[in-house]
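The values are calculated or read from the model by the stated rules, or taken from the named source; none is laboratory data. Here the structure is a predicted model, which is why all the values come from computation and not from measurement. Here the Cβ positions follow ideal geometry from the backbone for every residue, glycine too, while neighbour counts run over all protein chains shown.
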Amino acid sequence: MSSSKDFLYGERQSGGQHGDVFTSPAVVNFILDSVNYSADRNLAHVRILEPSCGDGEFVVEIARRLLLSAITFGFDASEAFQQNVRAYDIDSNKTARCRQRIGELGINQCDENIQTADFLKAEVEDTDIVVGNPPYIRYENIPAEMLDYCKRTFPTFHYRCDLYVPFFEKSLNALSPGGLHCFICSNRWLKNKYGKKLRRMVARYYQLRTIINLEQANAFQEEVLAYPAITIISSDFPAFTFQYAEYASVEELNSHKTEEKRMPREDDWTEAFSKVSADSRFLTIEQQGFKIGIGVATGADSVFISPDLPAKVEADLIMPGINARDLRGDKFQWQGEYLLNPYNADGTLVNLEKYPRASAYLEEHRERLTSRHIAKKSPSRWYKTIDRISPALLSKPKILLPDMSGNTYVFVDDGNYYPLHNIYYIIGSSSVQLRLLAAFLMSDFVRNQLSSVTNKMNGGYLRWQSQHLRKLKIPKLSSIPADDVQQLLSYYENNEISSLNNSIKRYI
């Protein structure tokens, strides 16, 4: 057994190394069927690649199917395997086990078949088929040398990319004309920021044939929070449509119950997953006069945010701050933290000579504050925050949305708190209109939209981020009759989700 020091990408809490999530046999069979690698075809000359083979779940099934095809079509299975099957893994123990399993089937192998090597750095031949389950390695777990290599080598390695993204890029580029590519992988690249350039690459140069979302299914040999999807992509010219399905179990894979979707343009695939986004009856939040923002980032929260500030600095430089910890379990319980505001109303920094207590307090933390990147860029403004603080925001009514939350209730602050960095907020119009908007944000209609444009986090929580909030669409709030508004507000105030959903149905 490998020790943790042998793990290139670190050890998982459950044991084993990051990246090791092994595919269930049902999914392996479905993927090989989907790329037409089946025993009832003549597989003698079909080239197939598995870029991260592990113990060999895919490769062993490939060998088994090749043997059956050889019996039917009269060719030498070992010779065909040696010529056409290629697999890689960085773990020598796994590749040894994979070779052993294939040998037990009676197939003779050559050195090129199962290689102990990093696929991303290997010289790879063109192939007709790519299948597999690439490693899931978060950005922060990728060693510095590998990060530099990926940034230099793979144009799709963007933002805080997961390592599976360059696995997509390199294996797609290895496809021969008419070749087929099928991975089971985390679905995050389909929706989030780091998948943007991979989505663009697929939309421009490949034919996306199928996406099967398996978020609710157990697609692996252990229970993991991977939120997987199966994608089938060919090297043919892009098409105008693709097939889409969501299955709750792997047993549904063979039901073939898919629906046709319009192929997304470029890198924003929102319309592919959200029916509402293309519906002209609905408007975005911003189209209805609201503004979306995020709470202040200070660059030194331990200095600028504290319950002790009232005893240390002048009262006109502090304001109550609200963060995600104050909005838990559908309860609004302010923990007593204050935000130090070093700005005048016009956005300029205050003169510390006029605020001796604040000056003394900030001087105590001068070393911490001047070590920040933002202070090094402007040494004379060493006590500024990363984001400028606008005192006028404090008194405005605002919807408060924690970045990640299990709440069913959406809170409205009537103008008593300043949002901190882990809170998104919505302002605009009256307190009544904000509560009406909050009612819609609590509804299944909006939550389903949010689920379609963002990724679930561990625990199944959705993320209220500005990039996703801007994509949500709802009926025009100003057109809702006054009597209905009062009814909806009553359901909102009492957190009556079922009644709220039933009332909202008449507008959607």
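Here is how the numbers come out for the structure above:
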| item | result |
| --- | --- |
| Any hit, the range 357-364, residues being part of a loop (DSSP other than H, G, I, E, B) and assigned by TED's automatic domain parsing to the domain that holds THR298 | no |
| Pairs with Cβ under 7 Å, 6+ apart, first in the range 455-468 and closer than 15 Å to THR270 by Cβ and at pLDDT 65 or above, second in a loop (DSSP other than H, G, I, E, B) and hydrophobic (A, V, I, L, M, F, W, C) | ARG463/MET457 |
| Only one of ARG64, ARG41 that is assigned to a helix (DSSP H, G or I), more than 26 Å from the chain's Cα centre (by Cα) and either crowded, with 18+ Cβ neighbours inside 10 Å or basic (Lys, Arg) (or both) | ARG64 |
| Residue match in the range 242-264 (condition: in a helix (DSSP H, G or I), farther than 26 Å from CYS150 by Cβ and β-branched (Val, Ile, Thr)) | yes |
| Qualifying residue in the range 378-389 (condition: of a type in the set (S, T, N, Q), farther than 23 Å from LYS291 by Cα and out of contact with any strand residue (DSSP E or B) (no Cβ under 8 Å at 6 or more places or on another chain)) | yes |
| Matching entry among ALA345, ALA311 (being out of contact with any helix residue (DSSP H, G or I) (no Cβ under 9 Å at 6 or more places or on another chain), in the same structural domain as TYR418 (by TED's automatic domain parsing), loosely packed, with under 12 Cβ neighbours inside 10 Å and not hydroxyl-bearing (Ser, Thr, Tyr)) | ALA311 |
| Selected residue [of a type in the set (Lys, Arg) and either in contact (Cβ under 8 Å) with a residue 40 or more places away in the chain or under 19 Å from LEU208 (Cβ atoms) (or both)] from LYS331, LYS291 | LYS291 |
| Residue that is among the aliphatic types (A, V, I, L, M), under 35 Å from the mean Cα position of the chain (by Cα) and assigned to a loop (DSSP other than H, G, I, E, B), where the choices are ILE292, ILE386, ILE374 | ILE386 |
| Residue within the range 204-214 that is in contact (Cβ under 8 Å) with a residue 40 or more places away in the chain, in the same structural domain as PHE242 (by TED's automatic domain parsing), closer than 22 Å to GLN467 by Cα and surrounded by fewer than 22 Cβ atoms within 10 Å (Cβ to Cβ) present | no |
